[in-house]
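Step one of this worksheet: look at the structure below.
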Amino acid sequence: MIIGPPTAGTFALAEFWRDALGGEWRCTEAGSPGTWIQIRPAAVTADPAAGMIPTGYLILDVTTGHIKRHASGYVWEIPEA
């Protein structure tokens, strides 16, 4: 289960990736594994509690409507507008 952008493999510029939680990513620099930017947050009903979650990972809590950013560990923060 990969949460976040791919960490292995070779990817082309503008390639698309959807992770295990449904977060969507676009490759901004081709390579192995390339450089990625999250273009759509994962839509969840609870904060992810398992797996390796990258710092900066965005989720949309569909029950509250809040966007959250992973700060590290089990800490989530609401980004400033």
Practice problem: Please verify whether region 15-25 includes one or more residues that are more than 13 Å from I3 (Cα to Cα) and either modelled with pLDDT of 90 or more or of a type in the set (G, A, S) (or both). | Solution: yes
Quiz item: Out of region 3-25, which residues are touching a residue at least 12 places away in the same chain (Cβ under 8 Å), surrounded by fewer than 18 Cβ atoms within 10 Å (Cβ to Cβ) and over 12 Å from A42 (Cβ atoms)?
Solution: P6, T7, A8, G9, T10, A12, L13, A14, E15
Exercise. Quickly run through region 38-71 and pick out the residues that are in contact (Cβ under 8 Å) with a residue 40 or more places away in the chain and within 9 Å of the chain's Cα centre (by Cα).
Key: I53, P54, Y57
Quiz item: Restricting the search to region 38-52, which residues are surrounded by 11 or more Cβ atoms within 10 Å (Cβ to Cβ) and modelled with pLDDT of 90 or more?
Solution: Q38, I39, R40, P41, A42, A43, V44
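Among the strands (runs of 3 or more DSSP E) confined wholly to region 1-47, which include 2 or more residues that are of a type in the set (D, E, K, R) and touching a strand residue (DSSP E or B) at 6+ places or on another chain (Cβ under 6 Å)? Write out each step before concluding.
On the way: elements: 16-18, 24-29, 35-40, 42-44.
In region 1-47, the matching strands (runs of 3 or more DSSP E) lie at 24-29.
The values are calculated or read from the model by the stated rules, or taken from the named source; none is laboratory data. On a predicted model such as this, the values are computed, not experimentally measured, just so you know. Neighbour counts run over all protein chains shown; Cβ positions are idealised from the backbone, glycine included.
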